[in-house]
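A short write-up of the structure that comes next.
The values are calculated or read from the model by the stated rules, or taken from the named source; none is laboratory data. Small disclaimer: the values here were computed from a predicted structure and weren't measured. Because the Cβ atoms are built from the backbone with ideal geometry, glycine has one as well, and the counts that use them run over all protein chains shown. What goes into the accessible areas is simple: the full protein's heavy atoms, side chains included, and nothing from ligands, DNA or RNA. Shrake-Rupley method; radii C 1.70, N 1.55, O 1.52, S 1.80 Å.
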Amino acid sequence: MTRIACLLFCICVLGFKSHAQQKTQINILNSDSLVVAKSGEKANRFIGNVQLRHQDMMMTCDSLYQYADSNYIEAFGRVHAVQNDTLNLWGDWVYYNGNTEKARVRRNVVMQDPQITLTTDFLDYDAGQRIGYYFNGGTIKDSINTLISDEGYYFLPVHEMFFKDSVKVYTPEYTLYSDTLKYHTENKIITIVGPTTIIGENRTLYSEYGWYNTLTSHAELYKNNTLTYNNYIGSSDTLVVDSLDGTAVMRRHIHLYDTVNKAIVEGNYGEVLKNNEYAFVTQEALLILVGEADSLFVHGDTLSISKDSVGNHVMKAYHHTKFFSRDLQGVCDSIAYPVADSTIYLYETPIVWASGNQLTATNISMHMTDNQVDRFFLKSKAMMVNQVDSTMYKLLPDQRGVLFNQIKGRDITGYVRNNELYMILVDGSGESIFYPDDKGFIIGLNRATSSMIRIELEERKIKDITFITKPEGSLNPLFMVKPEDRQLKDFQWHIEKKPMKKEDIYK
């Protein structure tokens with residue numbers, strides 16, 4: 001045990017001596033005059049053109065105090081230190097400890113290396129580790145950027161700076177405001193690690209984690225990201241922006257809002273190309289046209305926004321498109337919505353349900369006012385079908401089976417007021433089948449033809465039918481009507497395709 005203790009003691013003593021040997025004295029190389037410390041004083045004073053060396057650092061100043069017993073100095077007036085012939089440090093006053101190789105530099109401080117120039121009034125510098133720390137405000141400039149913050153660290157060996165509190169960065173493309181960030185002085189990449197706002201000429205980015213390359217204007221943001229561009233506001237879990245190409249990629253929980261047209265686009269993957277000339281969203285893509293009384297929800301495999309020849313926006317949804325609102329539902333392959341035209345065009349086997357009425361035609365379009373449908377246009381082979389609500393009538397035995405009011409023609413125009421279909425005009429080759437009632441009893445089947453028909457509705461029921469030109473028709477009791485005569489030619493009922501709730505548009 002005694003020999004082990006002696007061995008440990010020797011190791012400790014040798015370790016201490018080895019460590020002590022690493023400490024070198026500060027050498028005063030030159031001064032105009034010297035005032036030697038008197039009895040009771042601790043410091044010698046060197047005055048005029050003072051020059052000293054310590055390790056790999058040279059320093060000049062107007063005067064200094066040397067505390068030889070403690071191996072530290074205090075330098076005053078035009079202090080200039082050079083380390084490794086690459087780092088220059090200026091200040092009005094410097095306290096430097098030769099044992100710890102740590103310095104405190106105050107007033108009119110400038111730190112300069114081949115990458116950056118730092119100016120501040122308060123700098124602490126560790127010459128051994130080559131780490132600088134400033135507080136109470138500092139400004140950093142390099143070849144392209146200017147960075148300002150209340151406090152910051154500069155880790156010279158890895159060319160990285162860390163900034164904290166009231167950070168401002170001025171780049172050729174953006175002005176950046178942050179709480180906390182890092183900056184690599186060689187590759188000019190800013191790493192965002194706190195609430196940060198990046199403001200450009202016509203767009204603003206907000207994020208709390210990510211990075212931005214000030215050389216290429218490329219940003220990748222990963223936390224609480226928001227993009228504001230003209231009248232658009234967007235957010236997503238991941239946002240990748242390349243300002244030089246004018247492109248952006250969004251991933252997961254995408255939410256885009258057009259504040260002018262009151263339209264919202266959502267999804268899980270999207271791209272914005274050519275400075276917003278074209279954008280698309282996929283993966284559970286959703287378009288919401290926000291209205292005062294109700295909103296229209298539109299889903300397709302892909303949603304896109306582009307510009308027409310005169311610069312107006314065109315929204316599209318394709319393929320397997322469905323839409324839903326409280327009083328309006330529909331399915332088709334794709335839709336197009338030229339915003340300036342205020343009309344939504346439905347393509348490939350469109351079906352629309354309005355106020356309980358099924359509308360079909362070769363081509364269907366819907367005119368919008370304040371994101372609410374006010375007119376329908378059914379072109380070619382137009383047909384409207386309305387199922388008679390059996391709970392509203394006392395049906396007789398001969399009225400068994402589902403009954404449908406039906407109207408068809410070459411073209412049909414529907415008019416909507418307060419989200420309710422209130423009038424329909426049939427233009428060309430009009431035919432109709434409907435079931436009039438008297439005091440709660442259906443009195444028969446009315447079948448009529450006319451080249452032009454006007455139908456008025458109230459509370460989703462046919463209130464009146466007017467045959468405008470050359471009407472021909474008959475009213476027969478149901479027991480006299482064959483089942484096959486209860487339907488017009490080309491009658492189809494597609495209730496299984498109708499979205500019954502908002503979630504159904506994704507099915």
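What the table shows:
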| read-out | value |
| --- | --- |
| Checklist (1) open to solvent by 60 Å² or more (accessible area, probe 1.4 Å); (2) outside any strand (DSSP E or B); (3) not β-branched (Val, Ile, Thr) applied to GLY291, failing item | (1) |
| Of the criteria (1) free of Cβ contacts under 8 Å to residues at least 40 places away in the same chain; (2) hydrophobic (A, V, I, L, M, F, W, C); (3) within 21 Å of ASP126 (Cβ to Cβ), which one ALA43 fails | (3) |
| Condition met for GLU503 (exposed (fewer than 13 other Cβ atoms within 10 Å of the Cβ), within 29 Å of ASP333 (Cα to Cα) and under 47 Å from the mean Cα position of the chain (by Cα)) | yes |
| Single residue of the stretch 189-216 satisfying the filter (small (Gly, Ala, Ser) and in contact with a strand residue (DSSP E or B) (Cβ under 7 Å, 6 or more places away or on another chain)) that is surrounded by the fewest Cβ atoms within 10 Å (Cβ to Cβ) | GLY194 |
| The stretch 299-320 residues that are under 12 Å from PHE280 (Cα atoms) and open to solvent by less than 60 Å² (accessible area, probe 1.4 Å), paired with ones that are at pLDDT below 90 and in a loop (DSSP other than H, G, I, E, B) (beta carbon under 8 Å, 6 or more apart) | SER306/GLU277; VAL314/ASP308 |
| Residue count for the stretch 462-486, restricted to those that are surrounded by 13 or more Cβ atoms within 10 Å (Cβ to Cβ) and closer than 20 Å to LEU425 by Cα | 6 |
| Residues that are under 20 Å from ALA382 (Cβ atoms) and modelled with pLDDT under 90, drawn from the stretch 430-445 | PHE434 |
| Of the criteria (1) acidic (Asp, Glu); (2) open to solvent by less than 80 Å² (accessible area, probe 1.4 Å); (3) in contact (Cβ under 8 Å) with a residue 12 or more places away in the chain, which one ASP490 fails | (2) |
| Verdict on LYS408 being more than 47 Å from the chain's Cα centre (by Cα) and basic (Lys, Arg) | no |
| Selection status of TYR153, open to solvent by 10 Å² or more (accessible area, probe 1.4 Å) and either touching a His at 6+ places or on another chain (Cβ under 7 Å) or closer than 21 Å to GLN55 by Cβ (or both) | no |
| Selection status of SER63, of a type in the set (Ser, Thr, Tyr) and crowded, with 19+ Cβ neighbours inside 10 Å | yes |
| Failed item in (1) touching a Lys or Arg at 6+ places or on another chain (Cβ under 7 Å); (2) over 20 Å from ALA361 (Cα atoms), with GLU431 passing the rest | (2) |
| Qualifying residues in the stretch 88-118 (those that are open to solvent by 50 Å² or more (accessible area, probe 1.4 Å) and touching a residue at least 40 places away in the same chain (Cβ under 8 Å)) - the one farthest from LYS188 (Cα to Cα) | ASN99 |
| Residue in the stretch 146-166 that is under 25 Å from THR247 (Cα atoms), modelled with pLDDT under 95 and out of contact with any Lys or Arg (no Cβ under 6 Å at 6 or more places or on another chain) present | no |
| Per-region count, the stretch 75-87, residues closer than 20 Å to THR24 by Cβ and open to solvent by 40 Å² or more (accessible area, probe 1.4 Å) | 2 |
| Cβ-Cβ under 8 Å pairs, at least 6 apart or on other chains, the stretch 245-270 side in contact (Cβ under 8 Å) with a residue 12 or more places away in the chain and buried (at least 18 other Cβ atoms within 10 Å of the Cβ), far side part of a loop (DSSP other than H, G, I, E, B) and of a type in the set (A, V, I, L, M, F, W, C) | ALA263/VAL290; VAL265/ALA285; GLU266/ALA285; GLY267/ALA285 |
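Residue-wise test of (1) among the basic types (Lys, Arg); (2) surrounded by 21 or more Cβ atoms within 10 Å (Cβ to Cβ); (3) at pLDDT 80 or above.
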{"residue": "LEU359", "(1), (2), (3)": "no, yes, yes"}
{"residue": "ILE364", "(1), (2), (3)": "no, yes, yes"}
{"residue": "MET368", "(1), (2), (3)": "no, no, yes"}
{"residue": "PHE376", "(1), (2), (3)": "no, yes, yes"}
{"residue": "TYR393", "(1), (2), (3)": "no, no, no"}
{"residue": "ASP398", "(1), (2), (3)": "no, no, no"}
